[in-house]
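Worksheet for the structure shown next.
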Amino acid sequence: MEKHTVLLVDDDVGFLTATSLVLEHAGYRVVTAEDGRAGLAAAREHKPDAAVIDVVMKRPDEGFALARAIRADAELAHTTLFILTAVGKHYQMLFEPDEQWLPVDKVLEKPITGDRLADEISAALAKADHREGNL
């Protein structure tokens, strides 16, 4: 079976490095980007099965904009999307997925362990594969 590809988009290079190692160990092919522009280019090039996107990068809402751009691209619209952020806890704000403003499959709070992230990705991709009949 071909490995699922996961795109990690975060301006924290340490997070990208450590999380890539954990996800690769879990059997994923990992592609990384350090901002929204590079993330969209990587998504278009690699067609990931899942993307984990930080919210605050160069701009405070960069991750939200990237999620909307991925969903708006017909070739990427099927991608399982996660927003990963500490903004909710820091500012006592609750983010919930919705089709217009935050079209993601799940919002995850930082800090998160690599193992938990791998479990979340695995569960979401298994659900997506089941929906698409790729058992």
Report the full-extension gain for the segment residue 3 to residue 37: residue separation times 0.36 nm, less the Cα-Cα distance, to one decimal in nm. 9.7 nm
Name the long-range amide H neighbours of residue 80: under 5 Å, sequence gap of 5 or more, or other chain; modelled H, no Pro or chain starts. 50, 51
Could you pull out every one of the aspartates and glutamates with an alpha carbon less than 20 Å from that of residue 127, ignoring same-chain neighbours closer than 8 positions? 2, 49, 75, 96, 98, 99, 105, 115, 119
What lysines does residue 58 reach when the alpha-carbon gap must be under 28 Å and sequence neighbours fewer than 8 apart in one chain are set aside? 47, 89, 106, 110
Round to the nearest 0.05 the FRET efficiency obtained for residue 113 and residue 72 when R0 = 35 Å and r is the Cβ-Cβ distance. 0.65
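None of the figures in this text is laboratory data; all of them are computed from the coordinates on show. Because the structure is a prediction, the values reported are computed rather than measured. Glycine also receives a Cβ, built like all others from the backbone with ideal geometry; neighbour counts cover every protein chain displayed.
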